[in-house]
1. Given H placed 1.01 Å from N in the peptide plane, which residues other than close sequence neighbours of T95 have an amide H under 5 Å from its amide H?
2. Projected area of the stretch 107-169, taken from the Cα convex hull and averaged over every viewing direction, in nm²?
3. Which Cα, out of F64, I82, P99, lies furthest along the positive dipole direction of the stretch 46-102 (beta carbon charges, K/R +1, D/E -1)?
4. Which of L34, V173, A161 sits closest to the plus end of the dipole of the chain, meaning its Cα is farthest towards the positive end, when Lys and Arg get +1 and Asp and Glu get -1 on the C-beta?
5. Would you mind calculating the relative contact order of the chain from Cα pairs under 8 angstrom and at least 6 residues apart, reporting the percent as a whole number?
6. Show me the GluC sites (Glu not before Pro) within the stretch 1-88 that DSSP assigns to loop and that have at most 16 other Cβ atoms within 10 Å of their Cβ.
7. Which ³J(HN,Hα) values, rounded to whole Hz and listed in residue order, are derived for the stretch 249-258 from phi using the Karplus coefficients 6.51, -1.76 and 1.60 in 6.51 cos²θ - 1.76 cosθ + 1.60 with θ = phi - 60°, glycine and proline given as x?
8. Compute, for the chain, the length of the dipole vector about the Cα centre, with Cβ point charges of +1 (Lys, Arg) and -1 (Asp, Glu) only. Units Debye, rounded to 20.
Amino acid sequence: MIFKSPYPDIAIPEVPLASFILERAPQFSAKPALIDGATGRTLTYGELTKAVDRVAASLAARGFRKGDVCAIHCLNCPEYAIAFLAVAKLGGACTMISPLFNQSELTTQLKDSGANYLLTDSRLGTTALVAARDSSVREVFVLGEADGATSFSTLLDQYGAAPPVEIDPRQDVVALPYSSGTTGWPKGVMLTHYNMVAMLCLMEATDVLSSQDRTICAVPCYHLYGSHIVLNMALRTGATVVTLPLFDLEEFLRTLQDYEISVAPAVPPILLELSRSPLVDRFDLSNLKTVFSGAAPLSVDVAKACCERLGVRISYGYGMTELSPLSHLTYRHAGAEKPESTGYCLPNTFCKIVDVETNAELRAGESGEIWVRGPQVMKGYLGHPEATAEIIDREGWLHTGDIGYADEDGALYIVDRLKELIKYKGRQVAPAELEAVLLSHPAIADAAVIPSPDADAGEIPVAFVVAKESVSADDIINFVSERVAPHKKIRRVEFVDQIPKNATGKILRRELVLSVRQRVRQ
């Protein structure tokens with residue numbers, strides 16, 4: 001059975017992303033588009049358009065050409081949107097890098113993406129500058145000042161026009177975020193102008209945001225949730241978006257209050273804090289109407305407590321980076337409230353549930369793997385045609401690796417996950433990456449990493465280790481911590497005699513996951 005959206009299909013224009021996002025900017029020329037929540041610095045829509053044009057012209061003058069890749073390694077700020085749109089206007093692609101990455105992780109993504117330019121943030125130290133020297137990066141730009149880098153502010157001094165660029169929306173890649181997909185190491189997700197425009201059109205058709213709204217970007221912009229669903233969506237709509245460089249609960253609440261935020265995109269750990277922290281009572285949040293939850297599962301109890309405390313409606317989104325990044329959404333006018341559901345298909349989007357063993361289509365209420373097809377499905381993984389063929393079949397269905405079911409109305413419910421990815425506070429953690437680090441330890445003979453449920457983080461990485469000589473759990477945790485970003489740290493170590501594997505040597509993670517779940521229930 002194939003499930004469809006309760007909304008009718010819409011026409012999706014085949015146009016370049018930057019011009020689509022800024023199409024309505026002249027209507028809102030004097031209105032605040034971007035506000036830096038840390039400083040109060042404001043860019044109107046008129047100023048934003050000029051800034052994008054100037055940065056695009058400056059980059060072109062410095063040799064940026066269609067097909068080039070610019071890496072953005074920054075905290076959330078207005079310049080994130082300016083840089084992204086300028087690169088898109090030139091026919092280039094942005095690869096967004098976590099500001100928490102260490103030098104090795106950053107270098108790996110710079111090399112794999114083929115980044116030619118890099119924008120970093122002086123508040124993040126010199127990690128990016130060092131990483132750039134080990135990659136193909138030709139020039140580094142920096143927010144603020146740093147030796148060996150060009151200040152981003154100088155790009156705003158260009159008054160000439162950027163050269164016209166012929167863009168094929170269906171084929172040309174505009175964003176290159178990284179995801180582990182359903183298995184393995186992080187891979188570059190090739191999203192075209194058409195993919196990204198389609199996502200904005202589908203969101204727009206479901207009335208998630210209006211030009212009267214004020215929204216906040218506290219979720220990280222290296223994730224499509226922050227850069228596309230929040231920033232780009234707000235700028236397309238004519239709303240005002242306030243950016244916060246880092247999440248701090250008190251600063252988040254003060255921003256909600258002072259800027260009279262009406263729509264707040266969030267992740268489950270933020271909603272957990274909003275439901276229980278005494279700090280919430282100190283702020284006037286009466287303008288807040290809607291909270292969005294995405295990137296990880298949200299407890300029904302937490303959602304209910306948050307709604308009752310704040311007097312808001314929570315809207316859920318489901319998807320993955322490979323879906324630009326959404327396929328399902330709960331709608332304002334969906335009829336019956338279904339708090340355990342992650343929503344309905346977006347327009348132009350189809351979903352089916354298939355038997356994990358036979359791939360046979362299942363009926364409403366039957367659980368199986370979730371497959372999705374629509375205009376937001378990625379072009380593929382950069383340099384990984386085999387991995388692309390594994391996740392997208394010949395009919396265009398993307399196999400999500402999630403287990404769920406849809407009811408008679410088409411509302412989707414997530415019940416389990418086939419894929420290996422760990423979601424720590426909404427951030428992706430690839431088990432294969434941590435296993436490679438663990439196996440570099442001289443005292444470890446074999447290792448496997450799985451997710452374990454956690455009330456605060458959603459999931460935490462747990463390592464199962466076969467030791468070949470004496471080593472403590474603390475030693476292993478510290479060893480990994482020194483080599484990965486903070487959100488990837490191993491939180492618990494369990495010593496075992498052997499790692500369960502199949503005949504081909506593939507780790508049977510599901511056996512380990514089930515053993516942990518059984519202990520948690522006990």
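The values are calculated or read from the model by the stated rules, or taken from the named source; none is laboratory data. Quick caveat, the model's predicted, so the values are computed rather than measured. For neighbour counting, all protein chains shown are included, and Cβ atoms are generated from backbone atoms with ideal geometry for every residue, glycine included. Note: areas computed on protein heavy atoms with side chains; ligands, DNA, RNA excluded. Shrake-Rupley method; radii C 1.70, N 1.55, O 1.52, S 1.80 Å.
1. Sorted by chain and number, the residues that satisfy this are C70, A71, I72, L176.
2. Values: hull surface 22.9 nm².
Over every viewing direction, the Cα hull of the stretch 107-169 projects on average to 5.7 nm².
3. After comparing all options, I get F64.
4. Sorting the options by dipole projection puts first A161.
5. Numbers: 1168 pairs, mean separation 72.5, N = 522.
Relative contact order comes out at 14 percent.
6. Working: sites: E14, E23, E47, E79; in loops: E14, E23.
Of the GluC sites (Glu not before Pro), the ones in loops of the stretch 1-88 whose Cβ has at most 16 other Cβ atoms within 10 Å are E14, E23.
7. 4, 5, 5, 4, 5, 5, 5, 4, 6, 5
8. On the way: 50 positive and 63 negative charges, 69 e Å.
The dipole magnitude comes to about 340 debye.
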